[in-house]
Amino acid sequence: AAYISLDFDLAGFDWRWNANANAQGNYRSQELSDDGGPTGGGGTSLGHSVTRTVEVPLVGATRFSASQSGGFQVTSDDPDGDHFVPNINHDVGFTLNDSSDGVSTYARLSASDRREFLTEDAVEFQLLQLQFNRQVLIDLEDSWVAALSLQGSRRKQRGDSADISVAANGRVAYFSRRVFGVDDLDFSSELKLNAIGLEDTLRLDEDEDRDLLDDIRADWTNKLSYRIGRITASLEGGIFMVGDAMGNSVLLRLRRDFDGVF
C-alpha cells in the first residue's frame, strides 16, 4: 500500500510527503529444508520530496528534485539474524527537457544513496548517473539522434568489501526516408560505443599495462531497406571492434509483415 500527498508550496518549492507499507508471507516445506515452515516479512517507510524549476545559466529552465525517506524492513529468516533492519534513502537530480524548432533535448544528472544503519556490516549503495539525449529533425525525411549515458556506482553487501563499477555508452544515428526520392527506400547509419568495467582502468596501478580500448566495444551499422507491400528487403553492413579485435558482417534480409494474420 502506498500514499502520496498533494503538493504544498514551501518557500517556492513543491513539497509532498509519502508513505508506504508492504508485507509478505510464504511456507517452506520441511521436506526441502531443515528450517522449513512459515516465513514472512514486511516493511514500512515515510518520506518527503521537493521539486522546483530553476533557471541555469547557458542551459535554461531545469527541474530540480530531491527526496528523503526512512523506514525499516522486518524478516523472519535473515541469514545474518538481523530481523529488524532500519534504512534511509536520499535522491537528488536535475532534469532538462526542452523541445523547439524540431530539436528535442533531454538531460539528467542524478545521485542517490541507499543504506542500512543500526546493524553490523550494513548494506550500502550509491549511484551517480548522467544521461543525455538529443534528436534533430533536419527536414520531413531526414533526422539524427545522439545519446550518452555515464554511470558510476558503489555497492557494499554484507560480509563483503565495497565494490565500485563504472560504465558508459553512447549512440549516434542518422535516418533518411525516401532515399534518392524513391518511396519506401530508407537508409540508416548508427554508431554505438559501450564501455563496461571502466573502474579497472581508472584505478590502474602505474606498473600495470592496460589500454582503455580493452573496455570498449564499438559497432557501426549501415542499413538500406526497401518495402514492397508487406515484404521488406534490407542490405545491412557492419563493422565492430572489441579491444584490439575487429570484424565485419554483411546481411541480406527478407521480412514479411503478417500483421497478426498467418
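All of the numbers you see were taken from the coordinates with simple rules; none came from a lab. Fair warning: this is a prediction, and the values are worked out from it, not measured in the lab. Don't worry about glycine lacking a Cβ; one is built from the backbone with ideal geometry, like all the others, and counts go over all protein chains shown.
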Sorted peptide list for 3-12, 57-66, criterion being average Cβ within 10 angstrom, highest first:
57-66, 3-12
For the chain the mean separation of alpha carbon contacts under 8 Å (6+ apart) over residue count, i.e. relative contact order in percent, is 8
Net charge contributed by nearby residues that have their C-beta within less than 13 Å of R114 (K/R +1, D/E -1):
0
Between F84 and I196, what is the FRET efficiency for a Förster distance of 41 Å, r being their Cβ-Cβ separation, to the nearest 0.05?
0.65
Cβ-based net charge around L235, under 14 Å, with every Lys or Arg adding one and every Asp or Glu removing one
+2
Return the label of the correct value of semi-axes √(5λ) of the Cα gyration tensor in Å, as calculated from the structure shown, out of (i) 44, 28, 24; (ii) 34, 22, 18; (iii) 38, 28, 20.
(i)
Listed residue (N89, S45, G102) projecting farthest to the positive dipole end of the chain, Cβ model:
G102
Report the net charge of residues surrounding R255, where surrounding means a beta-carbon distance below 11 angstrom and charges are Lys +1, Arg +1, Asp -1, Glu -1.
+3
Debye, to nearest 20: dipole size of the chain, +1 on Lys, Arg Cβ, -1 on Asp, Glu Cβ:
1260
Just going by the charge dipole of the chain, with Lys and Arg at +1 and Asp and Glu at -1 on Cβ, which of S67, V166, F258 is farthest out on the positive end?
F258
